[in-house]
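As structure tokens, the structure follows; a few thoughts come after it.
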Amino acid sequence: MRTVFHLDMDAFFVSVEELYDPSLKGKPVVVGGRPNARGVVSAASYAARKFGVHSAMPLRTASKLCPHAIFVDGHPDRYRLYSQKVRAILHNFTPLVEMASIDEAYLDMTGTERLLGPPLRAAHRLHQAIRDETKLNCSIGIGTSRLVAKICSDQAKPNGVLWISPGDEAQYLAPFDVRKIPGVGKRTEEALHACGIRKIGDLARLDEDFLESRFGKWGLALAGKSRGHDAGGYFDSAIGVDEDPKSISHEHTYNDDTANSSEIDATIAHLSEKVGRRLREAGLYARVVQIKLRYSDFTTFTRARTLPQPTNLDTEILTESRSLFHKNWTKGKVRLIGVQVSGFEHSEGQTSLLAQPERDRWSKALTAADLLRDRFGDSSVSLGSSLQGRFRERTHEALPDRPSQNPKLPQPKNQD
């Protein structure tokens, strides 16, 4: 029988901020930016949540709901550093770890009983190890599937452990709203409600043929999920088998909408640098480059291009993303710009003899730049074209799966 843990760090961003500033403990804290700034809440302390503040809420709305809250810009590098620490602890318990985001992970603990004891004992050992080594709290759900483990960890919050023993999955899930199923969004929920399906138990009682006729293959997946299975559609790979990301992206929302092409070009250069660095850290090469553009009226579109050869070079990503932007920009004011890469490969493949020397020179230069950034910080080295496009990284724009490699970060005040 499979044993799966889902570990979720409690109020992760806020908790890390409290390590560096213990005066924040117990107070309503909002991470994401200033109360009158653009952007959204990245995290809220439990004290702030009591006033209705939650992640993804506009900062200005959060300020109205909880005007006495302490608003913090956030420090993405700190969160990456602590995510890396957590990941290292998890690999001490099992090699089969899947980081679902910067603050949550799935662990396949099947077969670890002889070394770590039964599931509940192993979970308490992991819970204590996280606390001892990071000074942070977490919640752990245990089940026979990722789906059950994830729902359990949510119910165990804050700072708890919950185990649903094998065979009890369907009975445990039955009273929950269908929205609790990972992968069921607002539209699917509305479609299920239209069929009279409101609880997971309602879903479990329906015939699979009916669900397939109404929802196709997703209907069959829902039938399996209602019984506690990882039935595709959301959990469709083994834990820890492939941790490569599907895409890597960075985006930036301007404080003031802009139609200044030089400013936008510089921002694209800075975003391309950040994307290129993460590709090299992951040992990946991208075949597809995509831009995301949002105008002042919130009209948003994406445009992508497939490259003749995969790359991890900032310069090539920049050339393609700038070209995509200028071919599609209507000269209107831009609210947000983003650069994304995908279609990953583990090597650059064969290139032309004429182009290879130039690529090799750039590869060596950017690798050296990465080493300097690791030692002296991300702002220590840049492409000249990106200097005017630098911005403070907003927490909600920081990508969740990049571990920090910056040894210059200050240590928390209460680390000892």
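What the table shows:
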item	result
Whole-Hz couplings from phi, Karplus 6.51/-1.76/1.60, listed for region 44-50; x for Gly and Pro	9, 5, 4, 5, 6, 5, 4
Added length on full extension, which subtracts the Cα-Cα distance from 0.36 nm per residue, H326 to H346	4.2 nm
Local electrostatic count, V339, Cβ distance below 10 Å [Lys/Arg +1, Asp/Glu -1]	0
Interchain or long-range residues, amide H under 5 Å from S145's placed H	V4
Residues in region 78-96 reached by a label modelled at L115 [backbone nitrogen below 11 Å; 7 Å Cα→Cβ]	91-96
Karplus-derived HN-Hα couplings along region 151-158 (A = 6.51, B = -1.76, C = 1.60, θ = phi - 60°), whole Hz, x at Gly and Pro	5, 5, 5, 5, 6, 7, 5, x
Carbon + sulfur, % of accessible area of region 259-353 - ligands and nucleic acids excluded, 1.4 Å	48
³J(HN,Hα), Karplus 6.51/-1.76/1.60, whole Hz, each residue of region 324-338, x for Gly, Pro	4, 4, 5, 6, 10, 6, 9, 6, x, 5, 9, 8, 9, 9, x
Distance in nm between pseudo-label sites at N260 and A88 (7 Å out along the Cβ direction from Cα)	4.2
19 Å reach of a label modelled at M57, 7 Å along Cα-to-Cβ, counting backbone N of region 71-87	71-74
Per-peptide average of other Cβ atoms within 10 Å, ordering 298-306, 143-151, 48-56, 83-91 highest first	143-151, 83-91, 48-56, 298-306
Surface share of carbon and sulfur [accessible, 1.4 angstrom probe, percent] for region 1-113	56
K217/D168 FRET efficiency (R0 35 Å; Cβ-Cβ; nearest 0.05)	0.80
Cut-off under 5 Å, modelled amide H: who pairs with M57 long-range	V41
Carbon + sulfur, % of accessible area of region 117-227 - ligands and nucleic acids excluded, 1.4 Å	47
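The values are calculated or read from the model by the stated rules, or taken from the named source; none is laboratory data. This one's a predicted model, so the numbers in the text were calculated from it and none came from an experiment. With ideal geometry, Cβ positions are generated from the backbone for all residues, glycine too; neighbour counts draw on all protein chains shown. These accessible areas exclude ligands, DNA and RNA; they are computed on the full protein's heavy atoms, side chains included. Shrake-Rupley method; radii C 1.70, N 1.55, O 1.52, S 1.80 Å.
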